[in-house]
Structures are given as structure tokens and as C-alpha cells.
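See structure below.
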Amino acid sequence: MHRPMDEYADGAIPKATRPRPAEPAGPWPDGPRPSGDIPDPARVDPAVLAALLDRHGWQRRGGAAGRYSRWTPPGPPAPPGGGTSLLVPDTTAFPDSEDLLGEALTALARSAAPSAREVLVSLAVPSDEIRWWREVPEPLAGAVGWTGAERLHTAARQILLAGALAVRGSAGYHGARHRRRARAALEGILVGPAPGGRELAAFVPVEPGRAVAVRLYHALHATREAVDYQRATGGFEAFDTAVGAGVSRELTEAVVALVRGSEGAGIAVEWAPAAGPPEGCPARPEPVEFSPGDLPALRRAGARYLRDEPAVTVRITGAVVRMRRSAPRGAGIVRLRVLAGAEVSHVRLELDEEAYRIAGHAHLVGLPIRVEGRLESRGGFRRLTRTSHVVPVQVDEAERDRLMKSLQENVDQFEEACTGE
């Protein structure tokens, strides 16, 4: 299938959502980490550290009440003298509080517990955490299949992108609209797999990513409620109203990708302790789970969203980047790089002979054109139909020079177009 060069294939890694950075060379987790990897103890709130340790399964095992608490990693207690043990002060009011925090952070950086790294990430950049998991049969030797791990990563990234698209606006089907800004909204997110490859965690910085986490929280719960309603009544009315909460074809398809091939899957959102819960959201949100039995409802809802999303009347300003027609005269196909008027990067349109000639002349002198038409949902809002009022648009010299440079770089295409080949 042909796609614009600036579009990613479904399931591709959005540029702004990147895997955990490669671990530096050295003896970690058995040896020390670089000091730059450890948050400044003076900037760490001990209450936030304790909340993160509790969230990630660390066990509180006593301590001096009102002064400090002792924490050990998830799992069975280590033998005497072994394992990691953290002393976390209850407040910063004591003279040794900062020293204790520094020692606890250093111990976390050296800990072999996978959750230790996640605690440090959340301390360094206050982040809401989004977690995905898939229930699959236990594989041999505790390993996870390559296909299953890739499916988890792909679905998680699609769900994040669906949340970012919903922040840009409510729609049953977004198509190519808003993709550029949605990916930009994911800038700074870190993702890292949990042991076994059946789980995945994303750290969404509160600034500026909280809007995505909140929108995704509401959209996922609305999806769950709509599926329950459909399975109980057979009706899809709940999916129609769920669009206002951020549900879309992009989200339903992403949930299908997460659940398919598993015995069940779930998503959980947890708020950054340093920032507290957002307004209108519970402090401890319940996870949302889906089963294979939900797939028919999700697939049918996605198909309805695709079918029912209306075309949009627009007035687009764009630079001509490709022209083609089958004969020296007559109508032809033009491809525009959108400069204004629609939240898509490129559109394709068919112009009659006169409009095609105007588009060609405008490009030859380094000018974009303005055109009115209907942006069709079919094809992902990449096609303009019922076009009219095609006129060149004056631009400043810098933009004109850039457009002329683009022409020179693609002159062969336009020579071919002009000869009708």
C-alpha cells in the first residue's frame, strides 16, 4: 500500500516515543552507576519516594516511627546481610535526612531489582505511568515469544498515539489528521519493558504530557463501558457517545491489537505522586481489562467509526509536490504539501485541465495554490474532492525560494508530467 513518505506504517515506533536509553557500559547492576543517573537528594521529596516504592511493590519492613522507614525489594526477604535495604526518612526536617536520601538513591541505582530503575526515572522526571500487560501461556524456560513481545510494543504505541490524537479533538476516525502534532505531544515519553516481556511501562512527563494521560484514562474507561453495553444489549449507542470521551477507531484498533492472540490484556494509569491526581480523576484509578470475547464489539465499533465519520469542507493552501496526467491535455492528478487549512501533511486531488494548468504554472514560479473542496474520510482524509477556486497564493521571498529549491530537486517529475508520460 502506498503511504506518504512522512507517514509511519501502522505499529511503527512514533519518533517521539522512544525505548529506554541503552545502559552505559560497566558492572551495573552489581556495581555503581554514574552519579549523573541519580536524582539530586536535595530535590527529592521523601514522601514521593516512599509512594513510588510502595507502587512498585517494595515492602516496608519497620523503621523508627516518625523518623524513617526501611524498604526491601519485591519478592521474598533476602538472607541476612544480603539484598538491598533502603532507609528513607519520613521528612526532610532531620539533619541527616539528605544523607539518608542520597544513600537510598545510590542503593536504588545499584539494585538488581527491575523496579529500582523505574523508581529513579519517576523521581528524575515527575511522570504519570501507563502500564500494559498481556496474559499469555507460560513459555518454555520463562522466555517470551518474539511475536508476542513485538505485538505488546506495537499496541502500546498505538494506544499512546490514540490518546494524543484525542487531545487534539474528538473524532470517531482521525485518519491522517493531527498526526504531526499528536506525535509531537509524545515527545519525551520513555518506555521500558518489565521482565518476561509480558508487560510494558511508559513514563509520561507531567509537563507537558499529562493531558495525554488524562484523555487516555477517560477514553479507556469509556471503551470498556461501551463494550459492556454492546455485549449486554447488542446496541452501539454507547460507542457513539464515547467519542466525546476520546474513543475512536484508532483506539479500538489499538486495543484489538493488544488483546489479539492473548487470553486477556489490560491497561493501568497511575498518577505521578509529586503532582497528585488530576481534577476529576480518582487518586488510584482502576485498571481497564479486555478479553478475547470483547474483540467482535471492538472491531464492529471501529468499522462504524470509519464508515460514519463525515467528510470535511476545507480551504487548503499547499505547495504542489507532484503532478501527473495520462495525456498532454485534460484533467490530471496533483499532490499538495499542506501549508494551511487542514491538519494533514499531504492531500491528493484531481483537477480539470484549466485548474491543472494553474497549479503547474504556480509551481513553476515558486508559488503555492489555494483550493476549496471536501476532505474525504475514505483513504484517511488524504483526498480532496469536489475541488474549486484554484488560485495561486503570494508568499514571502524566503518561502518562495524554498519552494523553487524543491522544484529544482524534483525537476524530472515535472518534466515527465508536462510531457504527459
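The values are calculated or read from the model by the stated rules, or taken from the named source; none is laboratory data. Quick caveat: nothing in here was measured; it's all calculated off a predicted structure. Areas reflect the complete protein model, heavy atoms only, side chains present, ligands, DNA and RNA absent. Shrake-Rupley method; radii C 1.70, N 1.55, O 1.52, S 1.80 Å.
Per-residue extension of 0.36 nm, minus the Cα-Cα distance of T147 and T385, leaves a gain of 81.7 nm for this segment.
E263 exposes around 110 Å² of accessible area when a 1.4 Å probe is run over every protein chain in place. Calculated accessible area for region 300-389 comes out at 49 Å² per residue, all protein chains present (probe 1.4 Å; ligands, DNA, RNA ignored).
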